[in-house]
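Input: a single structure, listed below in structure tokens.
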Amino acid sequence: MKQIISGLLGAALLAVLSAAPACAQEVKAGDLVITQAWSRATPGGAKIGGGYLTIENKGATPDRLIGGSGDIAGKIEVHEMSMKDGVMTMRPLDNGLTIEPGKTVKLAPGGLHLMLFDLKAPLKQGDKVPITLEFEKAGKVTLSLDVQSLGAQGPASADHPAGKMDMKDMPGMKM
Ligand SMILES: [Cu+2]
């Protein structure tokens, strides 16, 4: 399994890099414009997944992404990934993610992301997974994540490099 995934990784990364910007869906909510909402397929049995999107604030005041929900997952959190003492770690943004006026915030592998916990079913390539995001000002916004290929979800992916991060809070992430 590991060999197959690493073999696929290069091609899959290319596929994701070229496929993700092609997501044409644009969701407007108040002053916010959300585009390129996507996710990656999860291997069978995986209980967590990631979600990525781009949020532009066209208004004059800041807004904050404070949480999310969806039938697919028991819980959705906004996470930030960063290097700490040479180790990749991630943490939930307890105070939410601020989108300053005139700014665009991108959630992408290796950085900010949505974390889908307790997946009710695997994410499959080609699926459109509806989720609801909650913003402080714009309120609840429903959109769907376009699920890209499984290969990009491999253990060596930039998103959640297995073995390089502190996973004690991630019981579902034994790969
Ligand atoms: Cu995370």
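What follows is calculated from the coordinates using simple rules that are stated; it is not laboratory data. Every value quoted in this text rests on a predicted model; they were computed, and no experiment measured them. Cβ: placed from backbone, ideal geometry, glycine included. Neighbour counts: every protein chain shown.
In this structure the amide hydrogen of A138, modeled in the peptide plane, comes within under 5 Å of the amide hydrogens of R64, none closer than 5 places in sequence on its chain. Annotation note: trypsin sites (Lys or Arg not before Pro) in segment 27-60 located in DSSP loop regions with a Cβ neighbour count of at most 10 within 10 Å are absent. Roughly what % of Cα-Cα distances in segment 18-126 sit above 18 Å, to the whole percent? For segment 18-126, the share of Cα pairs beyond 18 Å comes to 53 percent.
Compactness of segment 49-96 was expressed as the Cα radius of gyration divided by 2.2 N^0.38 Å, which yields 1.40. On full extension, the segment bounded by K120 and T132 gains 2.7 nm, given 0.36 nm per residue less the C-alpha separation.
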